[in-house]
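*Asks:* Structure below; questions to follow.
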Amino acid sequence: MEKDDFINSMLTYLHLDDDPETMQELTAIVDGSIATIINGINQSLTYDDLKADNQFIMALRTLVTQTYYDRELANGYSFGFLSYVAPLQAKYSEVGNDDETDS
């Protein structure tokens, strides 16, 4: 799912108005959530690498929702979010981590 399509789907999912201020705030939350997930699973990946992975999209949807309602994440990450991220960490841990040492 392209990022703009994801953001528009979150507008509907969260029942938000499509006004410039809301779009700016939601876009910032989505961008921050993408960075958080990628930093947690494998920093060599990009959104384009992950956008077709349903597990990633569910993790992203979960974190965006949690962050929208609790901007400070006062209670930390939800168990649901962590449950989505753990398999992503295992799946993508070796992607882009080439062994550059030669024997």
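*Asks:* Counting only residues that are more than 9 Å from the chain's Cα centre (by Cα), among the acidic types (Asp, Glu) and assigned to a helix (DSSP H, G or I), how many does region 18-68 have?
*Replies:* Selection size over region 18-68: 4.
*Asks:* Separate question: Cβ-Cβ under 8 Å, sequence separation 6+ or interchain: first residue in region 54-68 and surrounded by fewer than 19 Cβ atoms within 10 Å (Cβ to Cβ), partner among the β-branched types (Val, Ile, Thr) and assigned to a helix (DSSP H, G or I). Which pairs?
*Replies:* Close Cβ pairs (under 8 Å, with a partner that is among the β-branched types (Val, Ile, Thr) and assigned to a helix (DSSP H, G or I)) amount to Tyr68/Ile29.
*Asks:* So which residues in region 77-93 are in a loop (DSSP other than H, G, I, E, B) and under 13 Å from Ile38 (Cα atoms), if there are any at all?
*Replies:* Listed by number, the list holds a single entry, Ser93.
*Asks:* Quick check on my filter: what residues within region 36-53 are closer than 11 Å to Met1 by Cβ and surrounded by 18 or more Cβ atoms within 10 Å (Cβ to Cβ)?
*Replies:* Listed by number, the residues that qualify are Tyr47, Leu50.
*Asks:* Considering each of Met58, Met23, Met1, Met10 in turn, give the residue that is within 20 Å of Arg71 (Cα to Cα) and in contact with a Lys or Arg (Cβ under 8 Å, 6 or more places away or on another chain).
*Replies:* Met10
*Asks:* Regarding Ala28, is this residue free of Cβ contacts under 8 Å to residues at least 40 places away in the same chain and surrounded by fewer than 16 Cβ atoms within 10 Å (Cβ to Cβ)?
*Replies:* It is true that Ala28 is free of Cβ contacts under 8 Å to residues at least 40 places away in the same chain and surrounded by fewer than 16 Cβ atoms within 10 Å (Cβ to Cβ).
*Asks:* From Ser78, Ser33, Ser93, grab the single residue that is surrounded by 14 or more Cβ atoms within 10 Å (Cβ to Cβ) and in contact (Cβ under 8 Å) with a residue 24 or more places away in the chain.
*Replies:* That would be Ser33, the only listed residue that is surrounded by 14 or more Cβ atoms within 10 Å (Cβ to Cβ) and in contact (Cβ under 8 Å) with a residue 24 or more places away in the chain.
Computed from the coordinates by the stated procedures, all read-outs in this text should not be read as laboratory data. What you see is a predicted model; the values in this text were computed from it and never measured. In this analysis, Cβ positions are derived from the backbone assuming ideal geometry, glycine residues included, and neighbour counts consider all displayed protein chains.
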